Every structure is written in structure tokens, then in C-alpha cells.
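Engineer: Pasting in a structure now, in C-alpha cells, and then I'll have a few things to ask.
The values are calculated or read from the model by the stated rules, or taken from the named source; none is laboratory data. Quantities reported herein were computed from a predicted structural model and do not represent experimental measurements. When we count neighbours, we look across all protein chains shown, and the Cβ atoms used for this are built from the backbone with ideal geometry, even at glycine.
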Amino acid sequence: MSVAPDMIQVSDKQLLNSSNEVIPMKTVPHLPESPMELMALMETAAVKLADVPFACATEDELLSCARTGERIRRRLDGADAALLVEISDRGAFWKAGCRSLQAFLAQDLRLGPRAARARKLATAAIGRFTSMTGDPRDPMAPSTAEAVHDGAIGTNHVIVIDKVMTQIPNAVPTEVTERAEAQLADAARSLTPESLTIAGKRLRGLSPSPQDQQLMSKLRGEVTPELRAMLEVVFTRFAAPGMNNPADPDSPSGAVDQPGLDDDALAAATERDLRTQSQRNHDALLAMCEYLIAGGAVGKPDRIPAELVITVTDRELADRTGLALTATGLTYRSRISSNSLPRQRLI
């Protein structure tokens, strides 16, 4: 079918019926480039649509119209973000007698404080703001912005993604954060905001914080149900009372159900064990790591087994300072002494 010079074909996101089958493409007039003219056309179409009865439509057409209407609303969320960025950058809200963008949304547009804050958060996540040099910047959440542009997700999805992203520690590498945002945006294309909230809680990752003055590090993160289940097994076997107690030289090491374990020694160690469950969990993970590294279980069979490499000077060794440096630059509270040389591999 030939198309008149002043007509174009709609080539993306055509109407879909209930079976997700494409309804034959329509032709529409060329659209103006002016945002004011486009807004006028949209309002005219909205007024007309509000007056048109849907009684003549088939069930498939009704479902298709509902899906198309929702996709339009979501696309408009992206256009709204672009508009609000321009209002914010220019300070246009002052002309409406408002002192901030959020006040303009809450008062002039009568959204109220809660909805205004949500709109502002969504704009901050998917909007393209201008740098100090006048160059446009990419959105803070680029994959999320793309999904909004496609009409696949809306403001409620964006708010959920933004909330999850703000909970990621600053110490997490940028590439990991970017990958998390992309995963959330992809999941949002097929989930409700409520389901996305649950999925966001399952973003896996563990991030140790920098060492404090006592050389301790806080561990923060989210683990999958699979890892949680495996940790429970490790804690049950390695964190039993009396087992793997670094403060007790006579504490049995390894798993509590290992063959040949001295029951009397375990019972005596249990009597001396004053640790809390969380402390035993910590020591269990330490024992498990020592077991894996010492047993050569880290690394592929065709590679040199992984080892914990630490550096300690002769003076530190003689003075028994208890401090050493790992290959990754971490200060390590070492139990190495000159008496333990035969049992340690020093380089």
C-alpha cells in the first residue's frame, strides 16, 4: 500500500490484541516537532477519546486499547521527566510563584507532597540533566529510563528501582551497581512494582566495609535463598558450640559431624565456649575459609592452588606485633610467631 507524502506509518509498538498479535498498522499525519503543538494534539485526542463509547469494540479490541493506554501513560512518564528537568534547570517554577520544583508539583499542579516527591524522585532517576559545562548527562538509571521510553514500566516501577539502588553501599564498584540497575530494569518489564520490590530484595551481593581502628570490617549485603540455605548447613556443622574456637587452643576444628571427632574433647570445649551464636558463625566462616585454602580447594585443578599471602617483616615477627599485610593491601592480625614457622609458609 502506498503512503501519501504527508503521511507516515507507525512502525513501533503497534496495537496488540489479547493474543499479542499485531493489529494491521494505521497511517497517521506527520507530527509536529513543537512540544506545545504536540501537547495540544494530545489534549484534543484525549478529549475525543473520553467522549467515544467503547461499546462497539470487540473484547480483543478492548484489551488492546487498555494495554495501549497504559503504554502511553508510561511513555508520558518519560516525557514528563524531560519536561520537569527543563523546568528545574531554568528555574521556571519561580514564574509560578514556587520556590522549588517539588513545590511547583505539590502546589501549582496540586499533586500534594507525597505524589510530588515521587515525581521528583522519578525525574532524578530517569531525567537527562545538564552538567555545569552545559553538556547533557546520561540518566542516573539509564536502563530504567530506556524501559520507561519503551512504555514497558512507569513511575511506580522507577520509584521501586530507585529505592533499591539507594540501599547499595557506596563501596560497591560502579560496574556492579550499573549491572544491578540493569537487572532491576529488565525485571521491571515483566513484574508489578510489588513483585519488583521482592526481586530487589534478592539482589545478591556482599560488601565488606573499610577496616576500623580495631581492623574490623562490617559485612553488608543480600544473599540468595540458595546461599542462605548453604550457610545454614555450614553454621550447623562448623558453628556448633565448642567447635572452631580461635580463643581455645584445645577446641576441635572442622565439622562437628566429622568421623573420628573426640566427643570428650568437644564436650570439654563446649563447657569453655562463651561465644554467642553470631560469634560462632563468624568463626565457622573463618574455619571454612582456612579449610578451603589449606586444602587447595580454591582454584581450578590446572592452576596453582590459592593461598593466603601475607607479608611480615623480621622485626614485626621478632616483636610479635601480630600485624601483617595481605597481598590485597588489607592489614591482617596474624597469629604468626617465630615458634610457628614450621607450620606456616612464609615468603
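Engineer: Is at least one residue of the range 217-240 over 37 Å from the mean Cα position of the chain (by Cα) and more than 27 Å from Ile198 (Cα to Cα)?
Structural biologist: Checked against the condition, which is being over 37 Å from the mean Cα position of the chain (by Cα) and more than 27 Å from Ile198 (Cα to Cα), the range 217-240 yields no hits at all.
Engineer: Here is a check on your reading of the model: is Thr123 among the β-branched types (Val, Ile, Thr) and touching a strand residue (DSSP E or B) at 6+ places or on another chain (Cβ under 8 Å)?
Structural biologist: No: the conditions fail for Thr123.
Engineer: Return yes when Pro193 is over 30 Å from Ala287 (Cα atoms) and free of Cβ contacts under 8 Å to residues at least 60 places away in the same chain and no when it is not.
Structural biologist: Yes, satisfied.
Engineer: Right, next: In the list Val176, Val172, Val164, which residue meets the criterion of being in a loop (DSSP other than H, G, I, E, B), modelled with pLDDT under 95 and among the aliphatic types (A, V, I, L, M)?
Structural biologist: Going through Val176, Val172, Val164 in turn, the sole match is Val172.
Engineer: Got at least one residue in the range 144-152 being surrounded by fewer than 18 Cβ atoms within 10 Å (Cβ to Cβ) and outside any helix (DSSP H, G or I)?
Structural biologist: yes
Engineer: When the residues of the range 236-295 are narrowed to those that are hydroxyl-bearing (Ser, Thr, Tyr) and farther than 24 Å from Lys218 by Cα, which ends up modelled with the lowest pLDDT? Spell out the reasoning first.
Structural biologist: In the first step, residues of the range 236-295 are kept if they are hydroxyl-bearing (Ser, Thr, Tyr); the result is 236, 251, 253, 270, 276, 278, 291.
Now drop any that are not farther than 24 Å from Lys218 by Cα, which leaves 251, 253, 270.
On the way: Ser251: 95, Ser253: 91, Thr270: 96.
Filtering the range 236-295 for residues that are hydroxyl-bearing (Ser, Thr, Tyr) and farther than 24 Å from Lys218 by Cα, the one modelled with the lowest pLDDT comes out as Ser253.
Engineer: What single numbered condition from (1) under 20 Å from Arg71 (Cβ atoms); (2) in a loop (DSSP other than H, G, I, E, B) fails to hold for Asn156?
Structural biologist: (2)
Engineer: Of the conditions (1) at pLDDT 95 or above; (2) under 24 Å from Ala115 (Cα atoms), Glu59 satisfies every one except a single condition; which number is it?
Structural biologist: (2)
Engineer: So, one more: Quick test of your reading of the structure: Ala124 fulfils all but one of (1) among the hydrophobic types (A, V, I, L, M, F, W, C); (2) under 27 Å from Arg189 (Cα atoms); (3) modelled with pLDDT under 95; (4) not in a loop (DSSP other than H, G, I, E, B). Name the failing condition by number.
Structural biologist: With respect to (1) among the hydrophobic types (A, V, I, L, M, F, W, C); (2) under 27 Å from Arg189 (Cα atoms); (3) modelled with pLDDT under 95; (4) not in a loop (DSSP other than H, G, I, E, B), Ala124 is out only on (3).
Engineer: Can you find a residue in the range 135-148 that is more than 13 Å from Ala81 (Cβ to Cβ), among the hydroxyl-bearing types (Ser, Thr, Tyr) and touching a helix residue (DSSP H, G or I) at 6+ places or on another chain (Cβ under 8 Å)?
Structural biologist: Yes, the range 135-148 contains at least one residue that is more than 13 Å from Ala81 (Cβ to Cβ), among the hydroxyl-bearing types (Ser, Thr, Tyr) and touching a helix residue (DSSP H, G or I) at 6+ places or on another chain (Cβ under 8 Å).
Engineer: Here is a check on your reading of the model: is Arg117 of a type outside the set (Val, Ile, Thr), modelled with pLDDT of 95 or more and surrounded by fewer than 16 Cβ atoms within 10 Å (Cβ to Cβ)? Show your work before the answer.
Structural biologist: On the way: of a type outside the set (Val, Ile, Thr): yes; modelled with pLDDT of 95 or more: yes; surrounded by fewer than 16 Cβ atoms within 10 Å (Cβ to Cβ): yes.
Spelling it out, Arg117 is indeed of a type outside the set (Val, Ile, Thr), modelled with pLDDT of 95 or more and surrounded by fewer than 16 Cβ atoms within 10 Å (Cβ to Cβ).
Engineer: Separate question: Could you figure out which of (1) part of a helix (DSSP H, G or I); (2) modelled with pLDDT of 95 or more isn't true of Asp89?
Structural biologist: (2)
Engineer: Under 8 Å by Cβ, and 6 or more places apart or on different chains, what pairs join a residue from the range 164-180 that is of a type in the set (S, T, N, Q) with one that is at pLDDT below 90?
Structural biologist: Thr177/Ile168
Engineer: Same structure again: May I ask you to list the residues in the range 35-62 that are closer than 17 Å to Ala82 by Cβ and loosely packed, with under 10 Cβ neighbours inside 10 Å?
Structural biologist: Hit for the range 35-62 is Met36, nothing else.
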